[in-house]
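Heads up: the structure comes next, in structure tokens.
The values are calculated or read from the model by the stated rules, or taken from the named source; none is laboratory data. Because the structure is predicted, anything quoted here is derived from the model rather than measured. Backbone-built Cβ (ideal geometry, glycine too); neighbour counts: all protein chains shown. Surface areas here come from the heavy atoms of the whole protein model, side chains and all, with no ligands, DNA or RNA. Shrake-Rupley method; radii C 1.70, N 1.55, O 1.52, S 1.80 Å.
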Amino acid sequence: MKTNRERFGLALIAIALIALPFVLAAAGTAWVRITNFAVLFVLLSLGLNIVVGFAGLLDLGYVAFFAVGAYVYALLASPHFGLHLPFWVILPIGATVACLAGVILGAPTLRLRGDYLAIVTLGFGEIVRIFMNNLSSPVNLTNGPKGINRIDPFQIGPLDFSASDTLGTLVFSGPIKYYYFLLLVLLAVIVINRRLQDSRIGRAWVAIREDEIAAKASGINTRNIKLLAFAMGASFGGIAGGMFAAIQGFVSPESFILNESIMVLAMVVLGGMGNIWGVIAGAVLLSFVPELLRYTVEPAQMALFGKLLVDPEVLRMLVFGLALVLTMRFRPAGLWPETRHRREMDADRA
Amino acid sequence: MSTNLLEARNIGKRFGGVQALKDVSLTIRSGEIYGLIGPNGAGKTTLFNVFTGLYPRDSGDVRFAGVPLTLESPHAVAAAGIARTFQNIRLFANMTALENVMIGRHVRTRAGVFSAILRTRAERIEEAGIRRRAEELLRYVGISDHADDLARQLSYGDQRRLEIARALATDPKLLALDEPAAGMNATETAALRSLIEGLRDDGLTVLLIEHDVKLVMGLCDRVAVLDYGEKIAEDVPEAVRANPKVIEAYLGVGTR
């Protein structure tokens with residue numbers, strides 16, 4: 001049961017999220033785009049959280065599923081093959097293909113845990129990227145390193161997501177429309193995640209994370225349940241990938257490097273593995289802070305020293321690394337840990 | 001006349017150069033408490049792990065409730081109706097006591113991903129049933145006060161009880177307990193004993209590995225003795241206690 005206070009809080013958050021793009025648009029459309037990418041990263045983190053946070057399977061190649069979703073969208077809605085399917089057909093296809101990729105990765109790695117699993121998943125992520133890079137001959141499937149261009153934007157009836165519409169005095173630019181769409185998808189993903197967490201399947205995932213042998217002996221088919229975790233996580237990655245392709249209008253293999261996998265994992269770990277709200281906070285934080293730095297460091301240096309002493313990109317990584325080290329030192333379970341983990345920490349202290 | 005619940009014939013298991021089990025045959029009857037004793041390293045836990053599908057057996061066969069137990073995976077064994085506890089307690093440490101028992105219901109319930117996402121009526125009813133049964137079982141083993149505590153925060157004796165509750169949640173026909181009294185004081189052991197007797201009175205069959213000879217002799221209907229991977233005796237406690245081979249291998253003269 002929710003109290004009135006909580007309802008009021010939720011209503012405030014909803015209003016803030018709805019008003020946000022117009023506030024940001026005042027600061028520049030770039031900020032709306034940055035927000036859209038932040039939401040994409042939140043989606044990815046929530047997907048990875050199922051695998052890493054719930055089931056405890058360390059996955060370092062998660063970006064592969066993002067790539068699969070993006071390429072499925074690119075191939076089915078671009079001049080590359082001359083196919084132009086509507087997005088509501090492609091997104092489920094992308095999710096399904098990514099889901100299959102998840103099972104393909106999961107099946108041979110079922111006996112692996114921890115470091116060993118991490119190495120195999122890392123390899124898988126690289127294999128997918130290298131495939132995208134090289135599948136341009138003999139049959140030109142992915143157009144190789146050049147990537148795929150002119151990908152169709154979303155289109156709902158007469159509503160074109162690449163163009164601006166005006167409603168009264170409000171201007172709905174393309175990014176703003178995508179923002180609202182992403183927000184709806186995010187809402188759905190959060191609901192799905194929470195329901196899974198509180199279900200028979202969610203409990204089985206946590207049981208496997210806690211003690212695999214005991215889980216088996218208690219009647220859990222660990223093989224199927226693990227595959228399910230990989231498949232679900234991968235599906236979310238695939239959906240996020242499809243939207244990425246549409247928003248960007250262009251995909252190429254270099255968007256799906258190992259660094260992206262590590263970034264998403266860092267978001268999950270920093271926020272608090274297993275806790276949906278923590279993971280969201282981690283993803284938002286790690287998406288925005290670097291951008292804020294990018295926009296403030298340069299002017300600040302120019303104002304203080306009259307010249308650029310430290311490249312913003314370098315500083316960005318420095319601050320990023322420092323933040324991670326500090327988090328691991330002072331809040332090892334993440335900024336906003338899962339209740340179970342937090343209680344574990346308290347028990348150790350007591 | 002009671003029927004045979006579990007029949008094991010000529011079970012053999014080898015780890016490299018060690019013959020852990022050699023031609024072990026035994027029969028557990030419905031509704032009895034069956035004790036398995038023997039010196040350390042005699043193969044008790046190995047036999048246990050073979051029965052519960054954790055180790056594949058090298059030879060022999062097992063019939064359970066009249067059907068051959070060919071499915072070797074532990075979850076299939078749990079589904080067939082054998083539940084177990086572990087010698088070194090294996091709980092889901094960072095889940096609550098209630099959640100631990102709810103895990104035990106997994107094998108008897110069916111809700112999948114889609115019904116969980118859609119929160120179908122059937123899923124909600126099943127979920128409520130899981131919770132109700134788990135609460136019942138916590139009450140049955142006497143730790144319902146700790147339902148919302150993390151498993152790792154429970155006392156040693158309560159953890160043992162929680163493990164039994166989790167095993168019971170799978171609706172077993174045979175409950176296999178691996179040294180449940182290990183590390184318990186006299187009071188805890190006495191409480192455990194009445195718990196196990198209660199289980200038998202409720203119609204459950206129990207397989208008990210135990211080093212506490214007094215407990216085994218007082219509690220069990222029949223006892224088998226393993227030594228160096230071989231069964232050297234199987235009988236009612238009085239007969240086993242008087243068996244010269246058993247005295248030599250395990251009991252010693254003093255305990256007569």
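Residue count for the range A:291-327 satisfying the condition of being in contact (Cβ under 8 Å) with a residue 24 or more places away in the chain and out of contact with any Gly (no Cβ under 8 Å at 6 or more places or on another chain): 7. Pairs linking a residue in the range A:275-290 that is among the aromatic types (Phe, Trp, Tyr) to a residue that is outside any helix (DSSP H, G or I), with Cβ atoms under 7 Å and 6 or more positions apart or on different chains, are A:Trp277/A:Trp336.
Residues in the range B:112-126: is at least one under 30 Å from B:Pro56 (Cα atoms), in a loop (DSSP other than H, G, I, E, B), open to solvent by 10 Å² or more (accessible area, probe 1.4 Å) and in contact with a helix residue (DSSP H, G or I) (Cβ under 9 Å, 6 or more places away or on another chain)? Yes - at least one qualifying residue is present in the range B:112-126.
Here A:Leu167 meets each of (1) surrounded by fewer than 18 Cβ atoms within 10 Å (Cβ to Cβ); (2) in contact (Cβ under 8 Å) with a residue 12 or more places away in the chain with one exception, condition (2). Residues in the range B:212-229 that are of a type in the set (Asp, Glu) and farther than 14 Å from B:Gly38 by Cα: B:Asp221 only. Residue-level analysis places A:Leu10 among those that are free of Cβ contacts under 8 Å to residues at least 40 places away in the same chain, outside the structural domain of A:Gly168 (by TED's automatic domain parsing), open to solvent by 60 Å² or more (accessible area, probe 1.4 Å) and under 17 Å from A:Ile190 (Cα atoms). Residues of the range B:185-208 that are closer than 17 Å to B:Gly157 by Cβ and hydroxyl-bearing (Ser, Thr, Tyr): B:Thr187, B:Thr189, B:Ser194. For B:Ala134, the criteria (1) more than 10 Å from every other protein chain (Cβ to nearest Cβ); (2) more than 24 Å from B:Glu210 (Cα to Cα); (3) surrounded by fewer than 19 Cβ atoms within 10 Å (Cβ to Cβ) hold in every case but one, which is (3).
For the range B:84-95, residues that are facing chain A (nearest Cβ under 8 Å) and either of a type in the set (A, V, I, L, M, F, W, C) or open to solvent by less than 30 Å² (accessible area, probe 1.4 Å) (or both) total 7.
Here the condition is being touching a Phe, Trp or Tyr at 6+ places or on another chain (Cβ under 9 Å) and at positive phi; of A:Gly69, A:Gly61, A:Gly56, A:Gly47, it holds for A:Gly56 alone. Does any residue of the range A:313-334 turn out to be at pLDDT below 90, outside any helix (DSSP H, G or I), open to solvent by less than 30 Å² (accessible area, probe 1.4 Å) and out of contact with any strand residue (DSSP E or B) (no Cβ under 9 Å at 6 or more places or on another chain)? Within the range A:313-334 (the criterion being at pLDDT below 90, outside any helix (DSSP H, G or I), open to solvent by less than 30 Å² (accessible area, probe 1.4 Å) and out of contact with any strand residue (DSSP E or B) (no Cβ under 9 Å at 6 or more places or on another chain)), the answer is yes, since at least one residue qualifies. B:Gly31 meets all of the listed conditions (1) at positive phi; (2) in a strand (DSSP E or B) but one, namely (2). When the range A:244-301 is filtered for residues that are open to solvent by less than 10 Å² (accessible area, probe 1.4 Å) and closer than 30 Å to A:Leu141 by Cβ, the ones remaining, listed by number, are A:Ala245, A:Ala246, A:Val251, A:Ser252, A:Pro253, A:Phe256, A:Ser261, A:Val264.
Within the range A:72-113, being open to solvent by 10 Å² or more (accessible area, probe 1.4 Å), in a helix (DSSP H, G or I) and over 11 Å from A:Ala234 (Cβ atoms) holds for A:Val72, A:Leu75, A:Leu76, A:Phe87, A:Trp88, A:Val89, A:Leu91, A:Pro92, A:Ile93, A:Ala107, A:Pro108.
Can you spot a residue in the range A:209-216 that is assigned to a helix (DSSP H, G or I), open to solvent by less than 20 Å² (accessible area, probe 1.4 Å) and closer than 16 Å to B:Met102 by Cα? The answer is yes; a qualifying residue exists.
Restrict the check to the range B:12-22 and report whether at least one residue is surrounded by 22 or more Cβ atoms within 10 Å (Cβ to Cβ), part of a loop (DSSP other than H, G, I, E, B) and more than 14 Å from chain A (Cβ to nearest Cβ). Looking through the range B:12-22, none of the residues is surrounded by 22 or more Cβ atoms within 10 Å (Cβ to Cβ), part of a loop (DSSP other than H, G, I, E, B) and more than 14 Å from chain A (Cβ to nearest Cβ). Here is the figure for the range A:200-221: residues that are in contact (Cβ under 8 Å) with a residue 12 or more places away in the chain and either more than 7 Å from every other protein chain (Cβ to nearest Cβ) or at positive phi (or both) total 5. From the list B:Arg105, B:Arg57, the one residue that fits, being more than 9 Å from chain A (Cβ to nearest Cβ), of a type in the set (Lys, Arg) and either open to solvent by 10 Å² or more (accessible area, probe 1.4 Å) or not in a loop (DSSP other than H, G, I, E, B) (or both), is B:Arg57. For A:Met232, the conditions (1) in contact (Cβ under 8 Å) with a residue 24 or more places away in the chain; (2) within 14 Å of another protein chain (Cβ to nearest Cβ); (3) open to solvent by 50 Å² or more (accessible area, probe 1.4 Å) all hold with the exception of (3). Taken over the range A:170-199, residues that are within 11 Å of another protein chain (Cβ to nearest Cβ) and open to solvent by 30 Å² or more (accessible area, probe 1.4 Å) amount to 7. The residues of the range B:52-85 that are closer than 14 Å to B:Asp178 by Cβ and in contact (Cβ under 8 Å) with a residue 60 or more places away in the chain, listed by number, are B:Thr52, B:Ile82, B:Ala83, B:Arg84, B:Thr85.
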